[in-house]
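The values are calculated or read from the model by the stated rules, or taken from the named source; none is laboratory data. This one's a predicted model, so the numbers in the text were calculated from it and none came from an experiment. Here the Cβ positions follow ideal geometry from the backbone for every residue, glycine too, while neighbour counts run over all protein chains shown. Surface areas here come from the heavy atoms of the whole protein model, side chains and all, with no ligands, DNA or RNA. Shrake-Rupley method; radii C 1.70, N 1.55, O 1.52, S 1.80 Å.
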Amino acid sequence: MDPRSASSIFTRGAVDLGALRPSTPPPAAARPAGPGGPGGPAGPAAAGPGAAAGGPGAAGPVVIDVTEATFQSEVLERSLTTPVVIDLWAEWCQPCKQLSPVLEKLAVEGGGAWVLAKIDVDSNPRIAQALRVQGIPMIMVAVGGQLMEGFSGVLPEPQVRQFIDAVLKAGGVQVEAAEDPRFAAADDALMTGDLDAAEQAFKKILGETPNDAAAEAGLAQVGLMRRIEGKVPAKLLAAAEESPDDVEAQTLAADVEMLSGEAEAAYKRLVALVRRTSGDEREAARKHLVSLFSLAGPDDPAVASARRALASALF
């Protein structure tokens, strides 16, 4: 339903705010003191109402202050063409002062792909009541004229970025994934051979975003490089040829093949080792093979084929 034809600006039934719509366009709302405003932490939008301008090609401000009088036009109607993320906050809310600058920063980075609508719940209590705000900070989304729930509380910036990406996808916005600066530091450490720094960086990423496949692959890469550090690859391969049933020799040879870009050969070597061994040796070979899978990712066709071969070897 087109929100411009609705009798109320809310469809959730808590409070009818239809009477708040002015007959003439209201002036821009002044920014209340709070995150990004006087008395709050400095941020991209700290200069006042609509201060955060978008990048090249942006149609207008990317951070706006919204009141009961402007919610209909600035949120619901705007969301017909541009996704709107709603930040419900208050001056006294310390967690809000942590989250709001992150949202403002990402809105500026977005260059107009989405708009951040900031609503002071103390100045706009009927909006807070209509949206059934239980606690702040509380984030909601408007896409295509429809309100959707977001999240409550403070999230780390990487998770906020993921949330914004999901909002953009919901709004049909095609955006390129921004490079995560955390990986730049980790990859630089890996490339320079500082394995301790690389390990710490990848573990930090996993602490912030558990199960991050790229970070898990990076950590596996660190382990791989540690295992063959200071060793001569040709000698490791020769030792594996001489001792086909030696688990340590075979796993090190598989590591060499992985680093040489011969992943399929490494997988085949270890699957064959699993077939030839039993007990603890078989389990050690299996675990090593599974650890190598994380370097390529589960969608790699070679990994899928090797997993099938491993299952056949085990059962």
Quiz item: So ASP120 clears everything in (1) open to solvent by less than 10 Å² (accessible area, probe 1.4 Å); (2) in contact with a Phe, Trp or Tyr (Cβ under 7 Å, 6 or more places away or on another chain) except one condition, right? Which one?
Solution: (1)
Quiz item: For segment 165-186, which residues satisfy the criterion of being open to solvent by 80 Å² or more (accessible area, probe 1.4 Å), at pLDDT 80 or above and hydrophobic (A, V, I, L, M, F, W, C)?
Solution: none
Quiz item: Does segment 271-293 contain any residue that is at pLDDT 90 or above, farther than 16 Å from ARG227 by Cα and touching a Leu at 6+ places or on another chain (Cβ under 6 Å)?
Solution: yes
Exercise. Please note which helices (runs of 4 or more DSSP H) are completely contained in segment 182-283 and include at least 3 residues that are over 30 Å from LEU155 (Cα atoms).
Key: 213-228, 233-242, 247-259, 263-276
Exercise. Just one of (1) farther than 30 Å from LEU224 by Cβ; (2) more than 16 Å from the chain's Cα centre (by Cα); (3) open to solvent by 10 Å² or more (accessible area, probe 1.4 Å); (4) of a type in the set (D, E, K, R) trips up GLU104, so point out which.
Key: (3)
Quiz item: Among all residue pairs at least 6 apart or on different chains, which show Cβ distances below 6 Å where the first residue, located in segment 285-313, is farther than 25 Å from PRO244 by Cβ and the second is among the charged types (D, E, K, R) and surrounded by 16 or more Cβ atoms within 10 Å (Cβ to Cβ)?
Solution: SER294/GLU216
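Out of ALA189, ALA214, I need the residue that is open to solvent by less than 70 Å² (accessible area, probe 1.4 Å) and either over 18 Å from the mean Cα position of the chain (by Cα) or not hydrophobic (A, V, I, L, M, F, W, C) (or both). Which one?
That would be ALA189, the only listed residue that is open to solvent by less than 70 Å² (accessible area, probe 1.4 Å) and either over 18 Å from the mean Cα position of the chain (by Cα) or not hydrophobic (A, V, I, L, M, F, W, C) (or both).
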Quiz item: What tally of residues in segment 295-315 results from selecting those that are hydrophobic (A, V, I, L, M, F, W, C), modelled with pLDDT of 90 or more and open to solvent by 40 Å² or more (accessible area, probe 1.4 Å)?
Solution: 1
Quiz item: Of the residues VAL121, VAL102, VAL115, VAL141, which single one is among the hydrophobic types (A, V, I, L, M, F, W, C), touching a Ser or Thr at 6+ places or on another chain (Cβ under 6 Å) and either at pLDDT 90 or above or within 21 Å of SER73 (Cβ to Cβ) (or both)?
Solution: VAL115
Exercise. Answer yes or no: is there a residue in segment 147-164 that is open to solvent by 30 Å² or more (accessible area, probe 1.4 Å), of a type outside the set (Ser, Thr, Tyr) and farther than 30 Å from ILE205 by Cβ.
Key: yes
